[in-house]
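Student: After the structure tokens below, expect a handful of questions from me.
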Amino acid sequence: MIPIFDTHAHLDLDAFSNDFDTVIGRLESGTLPIIFEELLDQPIEITGVLLPGIDAQSSYRCTELSKRFSFFHAAVAIHPNYVVRATDDDWKVVTELAYSDFVVAIGETGLDWYWDYTPMEQQIAALQRHIDLAVRTAKPIQIHCRDAWDAMLPILRRAVEANKLTGIIHAFSGEPKQAMECIELGFYISFAGSVTYRNAKFLPLWESAKIVPADRLLIETDSPYMTPHPFRGKLKRNEPTLAVMVAHRLAELRGTPLKEIAQTTAQNAQQLLVVNS
């Protein structure tokens, strides 16, 4: 049995509203939504899925789902792209939820310079607000960083130096140097479907995947987004059982057996997240 812990899946979104029970069934049985010949004789077991909130309502839904299913764990936050429309009441909801026993992390939060939905200064202020919440609750933080490494790393460095802070760099998209800087700060690196893509522009990401120490390695799907190769464009969306494809790609890149990658990443996620619940 191959254990899989997906550290980032947005199962509360509308993309799953029409067949949520079917998706749950595949999680419970460890069944992929599509056949992958290389894994036909290697059954998987979903040991956990982290559901990150992107706004107050999403954070509430993720928390409620974590109460219903033992393999779900919730994270709460306001995504940087949604900060611009967050109200004081929204922040109050997220803050109150953060103290729930069903919430194991603060996220997803961070900086996104790719999209222009929220002014940079507002994103930075919101990130600091989430960092403060993570410190107060003694829970790890889940970081979204897109085209914003120059701003992100100094913020994380100051936060780590001032407080006991750890967490996950979600859907890591950087280069080896950035990965190692995050690791030196005590963060875990989570790889998503992008590490399976075969375009040459992902070469720095492949190199990053080779050098991350095993005890800092995590996998995720970012469902319903970032469907892994070779199913990208063939499925209407991504879902948590396909995290095994990320593990499969990491096994290729690192020259490590798939089961070892799966066991290591699942254990890392359990130690970082579940023990904090």
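Student: From Ser59, Ser100, grab the single residue that is of a type in the set (Gly, Ala, Ser) and within 16 Å of His10 (Cα to Cα). So that I can check it myself, show each step before the final result.
Tutor: Numbers: Ser100 fails: within 16 Å of His10 (Cα to Cα).
Criteria check complete, one pass: Ser59.
Student: Say we look at region 235-261 and pick out the residues that are closer than 20 Å to Leu51 by Cβ and of a type in the set (Gly, Ala, Ser); which of these is nearest to the chain's Cα centre (by Cα)?
Tutor: My answer is Ala243.
Student: Looking only at residues in region 37-74 that are closer than 24 Å to Arg85 by Cβ and of a type in the set (Ser, Thr, Tyr), which one is surrounded by the most Cβ atoms within 10 Å (Cβ to Cβ)?
Tutor: Ser59
Student: Of everything in region 237-272, what is among the charged types (D, E, K, R), over 21 Å from Gln142 (Cα atoms) and touching a residue at least 24 places away in the same chain (Cβ under 8 Å)? Give them in sequence order. Outline the logic, then answer.
Tutor: Residues of region 237-272 among the charged types (D, E, K, R): 237, 239, 249, 252, 254, 259-260.
Next cut, over 21 Å from Gln142 (Cα atoms) only: 237, 249, 252, 254, 259-260.
Scanning region 237-272 gives Arg237, Arg249, Arg254, Lys259.
Student: Filtering region 259-277 down to residues that are within 23 Å of Ala74 (Cβ to Cβ) and either part of a loop (DSSP other than H, G, I, E, B) or of a type in the set (D, E, K, R) (or both), which residue is modelled with the highest pLDDT?
Tutor: Leu273
Student: OK, next. Within region 75-94, how many residues turn out to be surrounded by 14 or more Cβ atoms within 10 Å (Cβ to Cβ), of a type in the set (Val, Ile, Thr) and either within 22 Å of Arg158 (Cβ to Cβ) or more than 21 Å from the chain's Cα centre (by Cα) (or both)? Write out each step before concluding.
Tutor: Going through region 75-94, the residues surrounded by 14 or more Cβ atoms within 10 Å (Cβ to Cβ) turn out to be 75-83, 86, 90-91, 93-94.
Now restrict to residues that are of a type in the set (Val, Ile, Thr): 76, 78, 83, 93-94.
Keeping just the survivors that are either within 22 Å of Arg158 (Cβ to Cβ) or more than 21 Å from the chain's Cα centre (by Cα) (or both) gives 78, 83, 93.
Total meeting the criteria: 3.
Student: Report, by residue number, each residue of region 107-140 that is touching a strand residue (DSSP E or B) at 6+ places or on another chain (Cβ under 6 Å), surrounded by 18 or more Cβ atoms within 10 Å (Cβ to Cβ) and outside any strand (DSSP E or B).
Tutor: Within region 107-140, Gln123, Leu127, His130, Leu133, Ala134, Lys139, Pro140 qualify.
Student: If I filter region 220-242 down to residues being over 13 Å from Ile34 (Cα atoms) and either among the hydrophobic types (A, V, I, L, M, F, W, C) or out of contact with any strand residue (DSSP E or B) (no Cβ under 8 Å at 6 or more places or on another chain) (or both), which single residue comes out as surrounded by the fewest Cβ atoms within 10 Å (Cβ to Cβ)? Steps first, answer last, please.
Tutor: From region 220-242, those over 13 Å from Ile34 (Cα atoms) are 220-226; that's our starting set.
Now restrict to residues that are either among the hydrophobic types (A, V, I, L, M, F, W, C) or out of contact with any strand residue (DSSP E or B) (no Cβ under 8 Å at 6 or more places or on another chain) (or both): 224-226.
Numbers: Pro224: 19, Tyr225: 17, Met226: 21.
Residue satisfying both the conditions and the ranking: Tyr225.
Here is a yes/no grid of residues against (1) within 21 Å of Ala192 (Cα to Cα); (2) in contact with a Cys (Cβ under 7 Å, 6 or more places away or on another chain); (3) among the aliphatic types (A, V, I, L, M):
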residue	(1), (2), (3)
Phe20	no, no, no
Gly25	no, no, no
Ile35	yes, no, yes
Glu38	yes, no, no
Gly53	yes, yes, no
Gln57	no, no, no
Arg61	no, no, no
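Student: Phe187 versus (1) touching a Leu at 6+ places or on another chain (Cβ under 8 Å); (2) touching a residue at least 60 places away in the same chain (Cβ under 8 Å): which is the lone unmet condition?
Tutor: Among (1) touching a Leu at 6+ places or on another chain (Cβ under 8 Å); (2) touching a residue at least 60 places away in the same chain (Cβ under 8 Å), Phe187 violates only (2).
To keep it simple, each residue is scored yes or no on (1) among the charged types (D, E, K, R); (2) under 18 Å from the mean Cα position of the chain (by Cα); (3) under 20 Å from Gln270 (Cβ atoms).
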{"site": "Ala159", "(1), (2), (3)": "no, no, no"}
{"site": "Gly167", "(1), (2), (3)": "no, yes, yes"}
{"site": "Gly174", "(1), (2), (3)": "no, yes, no"}
{"site": "Phe187", "(1), (2), (3)": "no, yes, yes"}
{"site": "Leu205", "(1), (2), (3)": "no, yes, no"}
{"site": "Lys210", "(1), (2), (3)": "yes, no, no"}
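The values are calculated or read from the model by the stated rules, or taken from the named source; none is laboratory data. Worth saying up front: this structure is predicted, and the values here are computed from it rather than measured. Reconstructed Cβ throughout: ideal geometry from the backbone, glycine too, with neighbour counts over all protein chains shown.
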